[in-house]
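The values are calculated or read from the model by the stated rules, or taken from the named source; none is laboratory data. These numbers were taken from a predicted model, which means no experiment stands behind them. A quick note on method: Cβ atoms are made from the backbone with ideal geometry, for glycine too, and the neighbour counts reach across all protein chains shown.
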Amino acid sequence: MPSFQFEVEYSKSGRAACKQCKEKIDKDAVRIGVKMAVDMEGAAGADAAERQKGHAAEATKWHHAGCFPKIKKPAWFRQHLPENDEDITGFDSLRQEDQDRVKEVLKTCRGEDVRDGKRKPDASDRPSKKAKVAEEGKAREDAEASALSAQQREAIDTLKAELSKKSVAALGCMLHKNGLPKSGRKEELLERVAEAKALGVPPVCPTCDKAKLRFSRVSGDFSCPGFFDDEAKRHKRCKGPSAEAMLVRTCWQEMGA
């Protein structure tokens, strides 16, 4: 039977995508990874395909903390997660509040009630599958958007519903007018527009003075996505704003204004 290793850390760059939802994991956001522990003894006698498969299996697959409970069923997590959450690689490096959050995420993974540590009832005892999906969806939403208030989340959801009939081109024009990136799938553009309209447009990075800052709904922090250097003809990284920087969102500019 294969064994699995688990890791948790703060995302280093914001370039890696969550293996569950396929969205980028924001820089400095908590991410949880899993990889198969492959015994490579005897690999010298394996053919190239087997060695390549082994290396692929060893690679850590990263996920948003809120997405992690979706990757497998509770029975799988109960079988493979370590008994002590502190034994997960990188757990001790997290801030206390993030350690507490990861513990609650892992309780959800095991199918435990995060309030008292008890196992949730079996599916046959639950009212309906629809009710279960709605309940779990709300719990994951709250976990992933912990930096936002209920009113802010409601405002963003309301705006998304109002903007859902807009075309990709129209959404892109709205973002361009406000100096925000207009690339991505329609759902990404909807999120970007709704967030900026509800909370305000993120400021330009005070360090590089090139790119609009990126906001993490998980941590509530801003990070710089970097910028394209016309002279060097390549994308350059930026360390982002300092902890002392005063960051103020600006008002959303409507089309035609």
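Could you check the range 167-185 and list, in sequence order, the residues that are charged (D, E, K, R) and modelled with pLDDT of 90 or more?
Narrowing the range 167-185 to residues charged (D, E, K, R): 177, 182, 185.
Residue satisfying the conditions is Lys177 alone.
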Check your understanding: Consider Met1 against the criteria (1) at pLDDT 90 or above; (2) of a type in the set (A, V, I, L, M); (3) exposed (fewer than 12 other Cβ atoms within 10 Å of the Cβ): it satisfies all of them except one. Which criterion is unmet?
Key -> (1)
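Criterion first (surrounded by fewer than 16 Cβ atoms within 10 Å (Cβ to Cβ), without any contact (Cβ under 8 Å) to a residue 24 or more places away in the chain and over 18 Å from Asp26 (Cβ atoms)) does His176 satisfy it?
On the way: surrounded by fewer than 16 Cβ atoms within 10 Å (Cβ to Cβ): yes; without any contact (Cβ under 8 Å) to a residue 24 or more places away in the chain: yes; over 18 Å from Asp26 (Cβ atoms): yes.
It is true that His176 is surrounded by fewer than 16 Cβ atoms within 10 Å (Cβ to Cβ), without any contact (Cβ under 8 Å) to a residue 24 or more places away in the chain and over 18 Å from Asp26 (Cβ atoms).
Mind checking which residues of the range 205-226 are surrounded by 17 or more Cβ atoms within 10 Å (Cβ to Cβ), under 27 Å from Cys173 (Cβ atoms) and of a type outside the set (Ser, Thr, Tyr)?
Our first condition is that a residue be surrounded by 17 or more Cβ atoms within 10 Å (Cβ to Cβ); within the range 205-226, this holds for 205, 208, 211-219, 221-226.
If we keep only those that are under 27 Å from Cys173 (Cβ atoms) too, we end up with 205, 208, 211-217, 222-226.
Result: Cys205, Cys208, Ala211, Lys212, Leu213, Arg214, Phe215, Arg217, Phe222, Cys224, Pro225, Gly226.
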Check your understanding: If we keep just the residues of the range 203-229 that are assigned to a loop (DSSP other than H, G, I, E, B) and among the aliphatic types (A, V, I, L, M), which is nearest to Gly240 (Cα to Cα)?
Key -> Leu213
Practice item. For the range 221-244, state whether one or more residues are in contact (Cβ under 8 Å) with a residue 60 or more places away in the chain and either farther than 23 Å from Ser13 by Cα or among the β-branched types (Val, Ile, Thr) (or both). Key: no
Study note, to complete from the structure: (1) surrounded by fewer than 15 Cβ atoms within 10 Å (Cβ to Cβ); (2) over 30 Å from Phe228 (Cα atoms); (3) basic (Lys, Arg) all hold for Arg153 apart from (1)
Practice item. List every residue pair whose Cβ atoms lie under 9 Å apart, where the two residues are 6 or more positions apart in sequence or sit on different chains, the first residue falls within the range 59-73 and is among the β-branched types (Val, Ile, Thr), and the second residue, located anywhere, is part of a strand (DSSP E or B). Key: Thr60/Gln5; Thr60/Glu7; Thr60/Gly33; Thr60/Val34; Thr60/Lys35; Ile71/Val34; Ile71/Lys61; Ile71/His63
Review point. Do we find that Ala194 is assigned to a helix (DSSP H, G or I) and in contact (Cβ under 8 Å) with a residue 24 or more places away in the chain in this structure?
Key: yes
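Determine, yes or no, whether Met40 is farther than 30 Å from Gly220 by Cβ and modelled with pLDDT of 60 or more. Before you say what the answer is, go through the steps one by one.
On the way: farther than 30 Å from Gly220 by Cβ: yes; modelled with pLDDT of 60 or more: no.
Judged against the criteria, Met40 is not a match.
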**Study point:** 2 or more residues at pLDDT 90 or above and more than 23 Å from the chain's Cα centre (by Cα): qualifying helices (runs of 4 or more DSSP H) within the range 45-149
**Key:** 74-80
Review point. Of the numbered conditions (1) loosely packed, with under 13 Cβ neighbours inside 10 Å; (2) more than 29 Å from Arg101 (Cβ to Cβ); (3) of a type in the set (A, V, I, L, M), Ala243 satisfies every one except a single condition; which is it?
Key: (2)
